[in-house]
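To start, the structure itself, in structure tokens.
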There are 2 protein chains.
Amino acid sequence: STKSTKLAAGTISVSQEVSNKQRLFFTDPISPGSIFFLPNGAKIFNRLIQFMKLQQQFKYGFQEVVTPLIYRKSLWEQSGHWQNYKEDMFRVEGHDNMKEEYGLKPMNCPGHCLIYKKFDRSYSELPLRFADFSPLHRNEASGALSGLTRVRKFHQDDGHIFCTPEQVENEINSCLKLVEMCYTKIFPFSEDEGYFLELSTRPDSYIGNLEIWNHAEDVLTGILKKCGRSWRLNEGDGAFYGPKIDIKVRDHSGKSHQVATIQLDFQLPERFDLRYKDRDNTYKKPIVIHRAVFGSVERFMAMLMDSNRGRWPFWLNPRQAMIIPVNTKTTEQVKKSHALLLKLRGMNTNDDLTPIALNSFHFNAEVDDRAEPVGYRIKDALMKNYSYLIIIGDKEVETGRYAVRTKESRELEHLSTDEIFSKFCELEKNYA
Amino acid sequence: STKSTKLAAGTISVSQEVSNKQRLFFTDPISPGSIFFLPNGAKIFNRLIQFMKLQQQFKYGFQEVVTPLIYRKSLWEQSGHWQNYKEDMFRVEGHDNMKEEYGLKPMNCPGHCLIYKKFDRSYSELPLRFADFSPLHRNEASGALSGLTRVRKFHQDDGHIFCTPEQVENEINSCLKLVEMCYTKIFPFSEDEGYFLELSTRPDSYIGNLEIWNHAEDVLTGILKKCGRSWRLNEGDGAFYGPKIDIKVRDHSGKSHQVATIQLDFQLPERFDLRYKDRDNTYKKPIVIHRAVFGSVERFMAMLMDSNRGRWPFWLNPRQAMIIPVNTKTTEQVKKSHALLLKLRGMNTNDDLTPIALNSFHFNAEVDDRAEPVGYRIKDALMKNYSYLIIIGDKEVETGRYAVRTKESRELEHLSTDEIFSKFCELEKNYA
Ligand SMILES: [Zn+2]
Ligand SMILES: [Zn+2]
């Protein structure tokens with residue numbers, strides 16, 4: 001699992017500011033460090049997870065699992081968390097006489113080991129890659145809690161790969177490929193260097209023996225030397241169970257933050273006595289790779305806001321299009337505006353039993369038909385960071401082709417309803 | 001929120017049997033009453049939630065929110081849960097000196113009240129409809145735990161509607177419409193009666209005053225009398241905060257089980273001091289409607305398995321198509337089989353930075369190219385409940401049109417790769 005790093009105070013206030021303007025999320029002392037995602041924030045959060053699920057499942061061969069949140073104390077003793085991570089964990093118990101003692105999970109790894117162990121595993125099943133988007137809880141000190149970045153409840157795009165020693169290099173290279181896609185193509189945070197890599201080695205408090213640690217560090221060093229990107233050493237910052245490659249990006253102030261992580265673990269297979277039957281019918285121990293690409297989805301959202309200041313790309317924007325009838329007293333203009341709205345939202349409000357189809361497109365569109373001058377409403381929509389403005393006057397009603405502009409350019413394109421819908425579909429499909 | 005009902009022992013063993021054959025889920029004493037969904041089970045679980053999100057958002061105007069799982073004790077005192085529901089709740093606390101005391105949420109309602117209360121609300125915002133798919137925990141007695149139905153951790157397709165008294169009837173009728181779509185069109189459990197309705201009235205242990213209870217019961221009775229379906233009275237089985245309409249279906253043995261629920265609540269708005277500014281600028285109290293259509297998604301899955309015995313409809317089937325090359329020694333047949341596999345799965349395993357597109361279709365297809373007779377492999381795929389078998393022999397390789405059959409009929413249709421893909425897309429879009 002991954003360790004959260006703190007964002008600069010500036011980054012926190014930027015994301016809080018964006019949230020206040022766009023009603024994305026809030027926190028409340030009734031649940032310190034847990035985020036309430038409002039509808040617009042939940043849209044971005046869900047969309048990010050949807051993106052990552054697609055890449056992991058259909059490009060990188062992960063299988064999603066859904067796992068429990070509370071586990072008996074004995075599991076955490078077995079995993080080593082009770083000894084090494086106890087202060088960061090929440091205890092759970094019933095109100096009944098049994099008083100069974102549970103830990104609320106801070107990481108998914110032990111649960112994935114249980115799934116691995118549930119069946120006899122053969123070499124032919126490996127590498128086995130589990131993805132999990134469970135909520136995780138870590139009991140950060142209450143004084144340090146703030147916004148999306150210093151939280152107690154968060155979600156990771158978490159995954160664990162169970163593989164043979166021979167498969168480690170390939171698997172880590174695949175992880176690095178997905179990192180490359182995310183941080184250069186889909187979410188390029190900084191134009192000059194993009195992301196950078198660090199090797200975090202054995203910390204003072206660790207489990208397992210030195211020889212295995214040294215071997216694991218050698219494996220990662222070898223991969224980094226071959227990967228073609230520059231990297232640096234971050235001595236003593238590894239997880240208690242193994243060394244890791246951390247992927248970092250810079251915020252607007254130049255401060256670096258960990259996002260993705262790839263961790264090599266020889267301890268967990270030992271502690272959970274994991275095995276697979278090899279070609280020669282003997283049992284061998286798999287290696288576990290912990291990896292996350294966003295890291296904490298909440299923290300990743302804060303990084304996005306730090307970088308975009310609320311100007312979301314179309315596919316993530318909770319405000320994709322504002323439809324503006326020029327004269328709100330002209331019935332036809334208002335009627336056409338609302339018809340376009342339903343079409344773009346992909347809504348079916350008929351009083352029938354027809355379901356909304358799977359994989360259909362639904363855009364975040366609104367109509368502004370307040371009795372205000374059209375110039376005022378255009379300015380307002382621009383200020384609110386709508387990706388597109390669609391303006392419907394008499395001429396547009398007559399021709400059925402509406403005036404479409406982006407927030408960046410005043411240039412108008414005249415498009416039919418179907419053309420607008422297709423254009424938006426293409427933008428979303430391409431993560432534009 | 002909804003109350004879980006127990007399924008018959010027979011229903012439990014049916015779903016456990018289906019799960020064992022199809023590797024859908026398991027439970028483990030390390031987390032009693034929490035389900036581990038394996039990849040195939042997670043697919044069904046996620047698909048059900050995806051279906052419900054689409055209907056709620058784009059046909060019934062719900063907005064999804066994501067809310068904390070742990071809240072300070074004082075919230076549960078305010079909501080009345082600490083007094084009326086304490087035995088069913090888990091306590092949570094840190095390991096540090098602070099020992100703050102939290103409750104792990106058994107219901108989403110108090111969290112939604114906090115979101116409502118976060119902003120000044122106007123009559124023009126109502127009805128405000130929040131949807132939430134959070135994991136919920138209820139500390140059921142450990143002796144009673146079993147399979148998907150007697151659980152401690154589960155997910156609801158939960159929703160709360162905040163509305164004016166005048167809007168109640170319309171809102172409840174909309175809920176009944178969605179119930180109708182689900183239980184007659186998409187998931188018809190029983191052919192003769194489908195689902196049936198019950199009015200559950202004031203229980204012995206209740207909060208609030210009698211007059212308000214009587215009024216709420218009158219409102220629900222009035223709606224039931226007008227709705228055109230038969231219903232019956234279930235005296236004293238209401239929630240502690242209000243009366244409700246329960247929607248029930250029958251399992252294979254004829255025993256009835258609650259699935260959906262619609263609950264009217266005048267207490268929560270009182271306890272959380274909720275209000276909205278009306279047209280006349282005075283503040284008024286909204287009414288809260290709690291509703292769920294699947295109820296517990298886990299229990300709903302058990303009901304589905306009880307009814308389908310593992311023969312999932314195409315759109316829910318983790319085994320949608322098995323591709324079988326007739327002669328596994330013929331390279332071309334095997335090659336074409338794997339090319340079709342990639343196309344149906346919508347995979348892109350290229351070593352490039354092209355992402356998998358949003359809203360793309362991905363079918364659960366496999367290839368059986370084991371060195372076994374073709375008849376054996378066909379029989380095996382039928383037994384495993386694959387929806388479609390796609391058979392590729394020399395003639396199919398030559399023409400590029402593959403032999404497609406359903407599990408029910410031996411009749412073969414010869415289709416190109418694109419035709420198969422389109423056919424499958426249509427099936428999924430229509431929840432076939
Ligand atoms: Zn991990
Ligand atoms: Zn509720």
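The values are calculated or read from the model by the stated rules, or taken from the named source; none is laboratory data. As the structure is a prediction and not an experimental result, all values here were calculated from the model. FYI the Cβ positions are ideal-geometry reconstructions off the backbone, even for glycines, and counts take in every protein chain you see. Only protein heavy atoms, including side chains, enter the accessible area calculation; ligands, DNA and RNA are left aside. Shrake-Rupley method; radii C 1.70, N 1.55, O 1.52, S 1.80 Å.
Screening B:ALA144 against (1) open to solvent by 10 Å² or more (accessible area, probe 1.4 Å); (2) more than 22 Å from B:VAL259 (Cα to Cα); (3) more than 10 Å from chain A (Cβ to nearest Cβ) leaves a single unmet condition, (2). Restricting the stretch B:267-290 to residues that are within 16 Å of ligand 2 (Cβ to nearest atom) and in contact with an Asp or Glu (Cβ under 8 Å, 6 or more places away or on another chain) leaves a set whose member that is farthest from B:VAL168 (Cα to Cα) is B:HIS290.
The residue that is nearest to the other protein chains (Cβ to nearest Cβ), among those in the stretch A:104-126 that are free of Cβ contacts under 8 Å to residues at least 60 places away in the same chain and open to solvent by 10 Å² or more (accessible area, probe 1.4 Å), is A:LYS118.
One line per residue, one yes/no per condition, for (1) surrounded by fewer than 22 Cβ atoms within 10 Å (Cβ to Cβ); (2) within 16 Å of ligand 1 (Cβ to nearest atom); (3) of a type outside the set (S, T, N, Q); (4) assigned to a strand (DSSP E or B):
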| residue | (1), (2), (3), (4) |
| --- | --- |
| B:ILE262 | no, no, yes, yes |
| B:PRO269 | yes, no, yes, no |
| B:ARG291 | no, no, yes, yes |
| B:MET303 | no, no, yes, no |
| B:ILE323 | no, no, yes, yes |
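From the list A:GLY222, A:GLY254, exactly one residue is under 29 Å from A:SER15 (Cα atoms), more than 16 Å from ligand 2 (Cβ to nearest atom) and exposed (fewer than 15 other Cβ atoms within 10 Å of the Cβ). Which is it?
None of the other options fit; the residue is A:GLY254.
The number of residues in the stretch A:30-80 that are part of a helix (DSSP H, G or I), under 22 Å from A:CYS182 (Cβ atoms) and hydroxyl-bearing (Ser, Thr, Tyr) comes to 0. Selection of the stretch B:32-45 for residues being within 7 Å of another protein chain (Cβ to nearest Cβ) and polar (S, T, N, Q) yields only B:SER34. Among residues of the stretch B:358-387 that are in a helix (DSSP H, G or I), those with a Cβ under 7 angstrom from a residue that is β-branched (Val, Ile, Thr) and open to solvent by 30 Å² or more (accessible area, probe 1.4 Å), sequence gap 6+ or separate chain, pair up as B:VAL374/B:VAL326.
For the stretch A:373-387, a residue qualifies if it is touching a helix residue (DSSP H, G or I) at 6+ places or on another chain (Cβ under 8 Å) and surrounded by fewer than 18 Cβ atoms within 10 Å (Cβ to Cβ), and exactly one does: A:LYS384.
Return yes or no: is A:CYS227 within 14 Å of chain B (Cβ to nearest Cβ) and either open to solvent by 10 Å² or more (accessible area, probe 1.4 Å) or free of Cβ contacts under 8 Å to residues at least 60 places away in the same chain (or both)? Yes, satisfied. Going by what's in this entry, would B:ILE247 be described as more than 24 Å from B:GLN83 (Cβ to Cβ), away from ligand 1 (no atom under 16 Å from the Cβ) and touching a Phe, Trp or Tyr at 6+ places or on another chain (Cβ under 6 Å)? In short, yes.
Determine, yes or no, whether B:GLN83 is in a helix (DSSP H, G or I), modelled with pLDDT of 95 or more and either within 7 Å of chain A (Cβ to nearest Cβ) or open to solvent by 20 Å² or more (accessible area, probe 1.4 Å) (or both).
Criteria not met by B:GLN83.
Under the condition of being polar (S, T, N, Q) and in a helix (DSSP H, G or I), the residues counted in the stretch A:335-357 number 1.
Matching residues to (1) under 24 Å from the mean Cα position of the chain (by Cα); (2) polar (S, T, N, Q):
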{"residue": "A:PHE58", "(1), (2)": "yes, no"}
{"residue": "A:PHE62", "(1), (2)": "yes, no"}
{"residue": "A:ARG72", "(1), (2)": "no, no"}
{"residue": "A:LEU75", "(1), (2)": "no, no"}
{"residue": "A:SER79", "(1), (2)": "no, yes"}
{"residue": "A:ASP88", "(1), (2)": "yes, no"}
{"residue": "A:TYR102", "(1), (2)": "no, no"}
{"residue": "A:GLU140", "(1), (2)": "yes, no"}
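Only one entry of A:ARG311, A:ARG279 meets the criterion of being in contact with a helix residue (DSSP H, G or I) (Cβ under 8 Å, 6 or more places away or on another chain), open to solvent by 20 Å² or more (accessible area, probe 1.4 Å) and either of a type in the set (Lys, Arg) or modelled with pLDDT under 95 (or both), and that entry is A:ARG279.
Is there a residue being more than 16 Å from ligand 1 (Cβ to nearest atom), buried (at least 18 other Cβ atoms within 10 Å of the Cβ) and within 18 Å of B:ARG91 (Cα to Cα) anywhere in the stretch A:52-71? Checked the stretch A:52-71: at least one residue is more than 16 Å from ligand 1 (Cβ to nearest atom), buried (at least 18 other Cβ atoms within 10 Å of the Cβ) and within 18 Å of B:ARG91 (Cα to Cα).
For the structure I just gave you, tell me whether A:SER174 is open to solvent by 30 Å² or more (accessible area, probe 1.4 Å) and touching a residue at least 40 places away in the same chain (Cβ under 8 Å). Yes. Just one residue in the set A:PRO313, A:PRO355, A:PRO286, A:PRO325 is within 30 Å of A:LEU220 (Cα to Cα) and either in contact (Cβ under 8 Å) with a residue 24 or more places away in the chain or within 31 Å of the chain's Cα centre (by Cα) (or both); that residue is A:PRO286. B:GLU180 fulfils the conditions (1) over 17 Å from B:ASP246 (Cβ atoms); (2) open to solvent by 10 Å² or more (accessible area, probe 1.4 Å); (3) out of contact with any strand residue (DSSP E or B) (no Cβ under 6 Å at 6 or more places or on another chain) except for a single criterion, (1). Scanning the stretch A:59-73 for residues that are at the interface with another protein chain (Cβ under 7 Å from one of its Cβ atoms) and over 21 Å from B:LEU24 (Cβ atoms) gives A:LYS59, A:ILE70, A:ARG72.
What are the residues in the stretch B:388-401 that are outside any loop (DSSP other than H, G, I, E, B) and open to solvent by 70 Å² or more (accessible area, probe 1.4 Å), if any? Within the stretch B:388-401, B:ASP394, B:LYS395, B:GLU398, B:THR399 qualify. Taking residues in the stretch B:397-415 that are under 15 Å from B:LYS379 (Cα atoms) and at pLDDT below 95, and partners anywhere that are in a helix (DSSP H, G or I) and of a type in the set (A, V, I, L, M), the pairs with Cβ atoms closer than 9 Å and at least 6 places apart or on different chains are B:LYS407/B:ALA381; B:LYS407/B:LEU382.
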